[in-house]
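Reading through the structure tokens given below for one structure.
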Amino acid sequence: MKDTVEITPANGKLGVLLVGMGAVSTTFIAGTLLIRKGLASPIGSLTQMGTVRLGKRNEGRSPLIKEFVPLASLDDLVFGAWDIFEENCYEAAITAGVLDVSMLEKVQPELEAIRPWPAVFDQRYVKRLMGTNVKTGANKREIAEQVRADIRAFKDTHNLDRLVMVWCGSTEIFMTPTAAHQSIAAFEQALESNADEIASSMVYAYAALKEGIPYANAAPNLSADIPALDQLALDNGSPVMGKDLKTGQTLIKTIVAPGLKARLIGVSGWFSTNILGNRDGEVLDDPESFKTKEESKKSVLDYILQPELYPTLYKDLCHVVRINYYPPRGDNKEGWDNIDLVGWLGYKMQLKINFLCRDSILAAPIVLDLVLFLDLAKRAGMSGIQEWLSFYFKSPMHAPGLYPEHDLFIQLMKLKNTLRYMRGEELITHLGLEYYD
Ligand SMILES: NC(=O)c1ccc[n+]([C@@H]2O[C@H](COP(=O)([O-])OP(=O)(O)OC[C@H]3O[C@@H](n4cnc5c(N)ncnc54)[C@H](O)[C@@H]3O)[C@@H](O)[C@H]2O)c1
């Protein structure tokens with residue numbers, strides 16, 4: 001086997017920089033610590049449990065992904081985070097209320113040692129939050145320099161070899177790209193003049209990319225997906241991916257919708273509603289943050305069902321998405337989907353899905369995979385948008401002029417073929433005529 005791509009080995013420690021130490025981050029950190037002590041299983045993580053078939057179906061070669069490509073070991077991960085609240089990671093995990101206290105106690109000292117650095121925060125971008133652990137500075141450029149200083153200090157203190165940053169902060173208000181986002185020079189000028197167009201998440205993304213660090217956005221807000229930061233990522237060799245982790249209702253939607261389309265079953269309506277009681281739900285109760293989430297959730301069906309190619313089946317689809325903040329449920333979200341279907345000769349049918357999921361339990365393994373795959377991409381010399389990681393996102397970033405690929409199964413095929421490509425293995429097309437020659 002000859003690697004198509006030269007990959008630097010994963011030697012030394014990998015620093016994981018998390019922006020926001022809420023439900024997702026604490027569940028990811030505590031989970032990883034428990035797993036590496038052998039106290040829990042990494043269920044839901046492709047990098048830890050997934051396999052990749054190599055060669056023909058009758059060759060019997062299906063190694064674990066983590067044995068096929070050189071990924072960082074969980075033992076080598078070191079965690080650092082920023083948050084507007086001063087609670088340490090143990091306290092923040094208790095506040096998030098996702099994992100049982102009895103589980104958290106098993107890694108309590110390690111969690112307590114993770115204390116958040118002061119955050120880049122402006123309430124203009126997240127209306128429902130207020131905290132005191134916040135940086136101050138003359139302008140956003142100076143604050144970005146403070147983030148870079150945090151990153152370097154973290155690297156030195158823990159003797160880290162490499163770093164990855166993931167935005168797991170609250171969903172910021174809906175924004176669209178403007179002139180300030182079009183070039184690195186315009187972006188830096190906007191940092192200097194404290195322009196409103198530069199949201200807090202962009203300041204972190206800029207700091208990471210300036211340091212040549214991979215960056216992922218777990219939330220739906222505009223962040224690294226602007227031309228200025230795209231260019232910076234390419235210039236500095238940083239792989240980037242986002243946006244909005246594909247968990248819960250959208251995960252199910254991207255599993256069911258490709259199946260309906262594959263069998264040419266019409267869909268006239270898809271009504272999705274959720275009740276959610278964690279802090280994320282509280283932030284999304286603000287209409288401006290909800291709009292960001294709504295845009296991200298709604299685009300999925302249009303791309304999967306392709307109404308322009310199948311007007312009879314999907315042209316008049318009525319797609320409604322609701323999120324209701326309902327505190328008694330905490331992180332245990334409940335989603336209902338009512339799907340109005342149209343079959344042979346126009347006869348109507350209905351499908352109801354009631355998903356009682358745990359948001360952060362679905363999100364944590366995705367964060368782990370993104371950290372390990374983005375670090376792999378960096379060591380493989382890949383930079384800019386990593387479309388092969390679309391599998392993990394509701395609004396996958398993509399090259400200009402392309403439409404995003406939302407079908408979970410195509411996304412998985414693309415991801416695994418990328419791994420095969422990296423290691424010089426034959427890509428799998430599923431043609432399979434040779435078995436019948
Ligand atoms: N849980 C899921 O399944 C899921 C799926 C997709 C996307 N997301 C997104 O991931 C993000 C995190 O979700 P969560 O459930 O952990 O939310 P959360 O509210 O529990 O945690 C977010 C944390 O970010 C902090 N924060 C906000 N702005 C910050 C800033 N500028 N700098 C540093 N910290 C900041 C908050 O104080 C909070 O502790 C949200 O945007 C959410 O929409 C979550």
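Every read-out reported here was derived from the displayed coordinates using simple, explicitly stated rules and does not represent laboratory data. These numbers come from a predicted model, not from an experiment. Using ideal geometry, Cβ is built from the backbone for each residue, glycine included, and neighbour counts are taken over all protein chains shown.
At a glance:
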read-out: Rh (Kirkwood; distinct C-alpha pairs) - the chain, Å; value: 22.5
read-out: Long-range amide H partners of GLY269 with built H, under 5 Å; value: CYS318, ASP340
read-out: Label-point separation in nm, LEU264 to LYS352, each point 7 Å along Cα→Cβ; value: 3.1
read-out: For the range 249-356, with +1 on Lys and Arg beta carbons and -1 on Asp and Glu, the positive-most of GLY330, LEU301, LEU313 along the dipole; value: LEU313
read-out: Amide hydrogen neighbours beyond the local backbone of TRP117, cut-off 5 Å, H modeled; value: ALA81, TRP82, ASP83
read-out: Cβ-derived FRET efficiency at R0 56 Å, GLU426 paired with ASP285, nearest 0.05; value: 0.65
read-out: Rounded Å value of the spacing that divides the Cα centres of the range 232-279 and the range 36-72; value: 24
read-out: Length added when fully stretched, PHE409-HIS158, from 0.36 nm per residue minus Cα-Cα; value: 86.5 nm
read-out: Net length gained if the chain between ASN139 and ASN58 were fully extended (0.36 nm per residue, minus Cα distance); value: 23.0 nm
read-out: Anisotropy class of the range 249-356 from Cα gyration tensor, a/c 1.5 cut; value: prolate
read-out: Karplus-derived 3J(HN,Hα), 6.51/-1.76/1.60, for each residue of the range 270-277, Hz, glycine and proline x; value: 9, 9, 10, 9, 9, 10, 8, x
read-out: Anchor LYS210: lysines whose Cα lies under 24 Å away (excluding residues fewer than 8 positions away in-chain); value: LYS13, LYS135, LYS140, LYS155, LYS243, LYS378
read-out: Full-stretch length increase - GLU6, ASP340 - with 0.36 nm per residue and alpha-carbon distance subtracted; value: 115.3 nm
